[in-house]
Ligand code: C5P
């Protein structure tokens, strides 16, 4: 039990960006590399959990010893994959950087350029984490991430409440050693009891174990 503290626990993790297509050759996305989520998936498997990883398009190797690995592209595909796999999960960790908007219409042939400007209308994607917060069972533990550029703690606390989740991990993405694409991260963890824990800058792989250790010790 000591070296497999998550044995018997089912964990669902989302990671990476989403890709929102405009036509067959163009899409919108963000700078998420998937490194934090993949590190958590790998660490959870090492600790004995049954891990389901739902991933957007990334260039990372699939972690070892997953129970299930689902690759998706868009936020809507991620939402479907989450809903299909939510039942029976004990812990849900949403580290994916889901696009908040997608092009309102998908044009199935390449859009031709003209000399005019092109106006693109975006429509809201579902907030997957908020949906999970609304539909979770009392036994399920829900963890979200918040990438912020300002008022980091205030925004983190307000998201924790708005999304009805148990814990949020906030990072200041304006730091060079934290956030998108880096191998290190610098985060503060806030749980719904109001406990706060600030971690020093550390490798995402090590931070993944620290976050899971916090969950093991506190929930
Ligand atoms: O509201 P914000 O996007 O900052 O919240 C970030 C958290 O919400 C992350 O855990 C992210 O995975 C999740 N999220 C989501 N669906 C969205 C937007 C964010 O699940 N459409």
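Every number here is computed from the coordinates shown, using simple stated rules; none is lab data. A quick note: this is a predicted structure, and the numbers were derived from the prediction, not measured. Heads up, the Cβs are rebuilt from the backbone with ideal geometry, glycines too, and the neighbour counts pull from every protein chain shown.
At-a-glance table
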quantity: Rg(Cα)/(2.2 N^0.38 Å) for region 35-77, N = residue count; calculated: 1.12
quantity: For peptides 52-65, 90-103, 3-16, sequence by mean Cβ density within 10 Å, most packed first; calculated: 90-103, 3-16, 52-65
quantity: Rounded if a/c under 1.5, otherwise prolate or oblate - region 77-179, Cα gyration tensor axes; calculated: oblate
quantity: Order of 79, 118, 219, 145 under a 10 Å beta carbon neighbour criterion, fewest first; calculated: 118, 219, 79, 145
quantity: Helix axis angle, 204-218 relative to the chain longest principal axis, alpha carbon, degrees; calculated: 50
quantity: Relative contact order of the chain, defined on C-alpha pairs under 8 angstrom at six or more residues apart (%); calculated: 20
quantity: GNM result for the chain, Cα springs below 10 Å: residue of 117, 108, 183 fluctuating most strongly; calculated: 117
quantity: Euclidean distance between Cα centres, region 1-53 to region 162-219, Å; calculated: 15
quantity: MRE, 222 nm, helices only [DSSP H, n ≥ 4, -39500 (n - 2.57), over the chain, to nearest 500]; calculated: -8000 deg cm²/dmol
quantity: Modelled FRET efficiency - R0 41 Å, residue 131 with residue 65, Cβ distances, 0.05 increments; calculated: 0.90
quantity: Ascending count of other beta-carbon atoms within 10 Å, so fewest first, for 50, 77, 139, 20; calculated: 139, 77, 50, 20
quantity: Cα-based helix-to-principal-axis angle, 75-85 vs the chain, degrees rounded to 10; calculated: 40
quantity: Most mobile of 134, 153, 78 in a GNM of the chain (Cα contacts under 10 Å); calculated: 134
quantity: 0 to 90° range, to nearest 10: angle between helix 35-46 axis and the chain longest Cα axis; calculated: 40
quantity: Cα gyration tensor shape of region 147-219, rounded if a/c is under 1.5, else prolate or oblate by comparing a/b with b/c; calculated: oblate
quantity: Contact order relative to length of region 60-177, as percent, for alpha carbon pairs under 8 angstrom and 6 or more apart; calculated: 24
